[in-house]
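Input: a single structure, listed below in structure tokens.
The values are calculated or read from the model by the stated rules, or taken from the named source; none is laboratory data. Treat the numbers as computed from the prediction; the structure is a model and nothing was measured. Here the Cβ positions follow ideal geometry from the backbone for every residue, glycine too, while neighbour counts run over all protein chains shown. With ligands, DNA and RNA removed, areas are computed over all heavy atoms of the protein, side chains included. Shrake-Rupley method; radii C 1.70, N 1.55, O 1.52, S 1.80 Å.
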Amino acid sequence: MTIALIAHETKKELLAQFCIAYRAIFAANKICATEGTARVVSEATGLKVERYLSGTQGGIQQIISRISCNQIDILFFFRDPRSLHENNREDDIAVLRMCDVHTIPMATNLATAEALINALGRGDFDWMKSGRVNL
């Protein structure tokens, strides 16, 4: 499985702590992330993380492109809804929309992330390995 990680600046540490807690599950999968998120997560966990551009430099667009080509299986996007970066809102909406269009499981907060990572650990998404079904 390929897991994509994105986190707003105020949520990067929370995502890193989440990845530490579930390191074994993340280690069994391929991980990619925007530059700043990849740096924080890889430094905190020692995991290998494929790095894209920073979110503001096009990294979110790179992840959107991979989603549209069915190359991302799960997205963890720790968002800060109070973020003052209005220029990023369009990218945020676009990545969420693309996940909905391509039936990509995604979590945008810690509670949903816990449910999603535990489902991944149990093998609930093994059906995706045989080829994505677009509904």
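Scanning region 41-61 for residues that are touching a residue at least 24 places away in the same chain (Cβ under 8 Å), open to solvent by 30 Å² or more (accessible area, probe 1.4 Å) and within 13 Å of residue 6 (Cβ to Cβ) yields 56, 61.
The set of residues from region 1-40 being touching a residue at least 60 places away in the same chain (Cβ under 8 Å) and outside any helix (DSSP H, G or I) comprises 1, 2, 3, 4, 5, 6, 7, 8, 22, 29.
Considering only residues in region 107-119 that are open to solvent by less than 30 Å² (accessible area, probe 1.4 Å) and assigned to a helix (DSSP H, G or I), the one that is nearest to residue 25 (Cα to Cα) turns out to be 117. Only one of the numbered conditions (1) surrounded by 14 or more Cβ atoms within 10 Å (Cβ to Cβ); (2) assigned to a helix (DSSP H, G or I); (3) of a type outside the set (Lys, Arg) is violated by residue 104, and that is (2).
Does residue 122 meet the test of being at pLDDT 90 or above, charged (D, E, K, R) and open to solvent by 60 Å² or more (accessible area, probe 1.4 Å)?
Working: at pLDDT 90 or above: yes; charged (D, E, K, R): yes; open to solvent by 60 Å² or more (accessible area, probe 1.4 Å): yes.
It is true that residue 122 is at pLDDT 90 or above, charged (D, E, K, R) and open to solvent by 60 Å² or more (accessible area, probe 1.4 Å).
Among the residues in region 80-94, are any within 12 Å of residue 4 (Cα to Cα) and either surrounded by fewer than 16 Cβ atoms within 10 Å (Cβ to Cβ) or touching a residue at least 12 places away in the same chain (Cβ under 8 Å) (or both)? No - not one qualifying residue is present in region 80-94. Just a yes or no: is a residue in region 52-69 under 17 Å from residue 116 (Cβ atoms), of a type in the set (Ser, Thr, Tyr), out of contact with any Lys or Arg (no Cβ under 7 Å at 6 or more places or on another chain) and at pLDDT 95 or above? Checking region 52-69: not a single residue is under 17 Å from residue 116 (Cβ atoms), of a type in the set (Ser, Thr, Tyr), out of contact with any Lys or Arg (no Cβ under 7 Å at 6 or more places or on another chain) and at pLDDT 95 or above.
Cβ separations smaller than 9 Å between residues 6+ apart or across chains give the following pairs from region 64-76 residues that are basic (Lys, Arg) to residues that are surrounded by 14 or more Cβ atoms within 10 Å (Cβ to Cβ): 66/2; 66/4; 66/32; 66/52; 66/72.
Return yes or no: is residue 15 surrounded by 16 or more Cβ atoms within 10 Å (Cβ to Cβ) and either within 24 Å of residue 93 (Cα to Cα) or touching a Ser or Thr at 6+ places or on another chain (Cβ under 9 Å) (or both)? Against the criterion (surrounded by 16 or more Cβ atoms within 10 Å (Cβ to Cβ) and either within 24 Å of residue 93 (Cα to Cα) or touching a Ser or Thr at 6+ places or on another chain (Cβ under 9 Å) (or both)), residue 15 qualifies. Once region 62-79 is narrowed to residues that are open to solvent by 30 Å² or more (accessible area, probe 1.4 Å) and under 13 Å from the mean Cα position of the chain (by Cα), the residue that is nearest to residue 129 (Cα to Cα) is 71.
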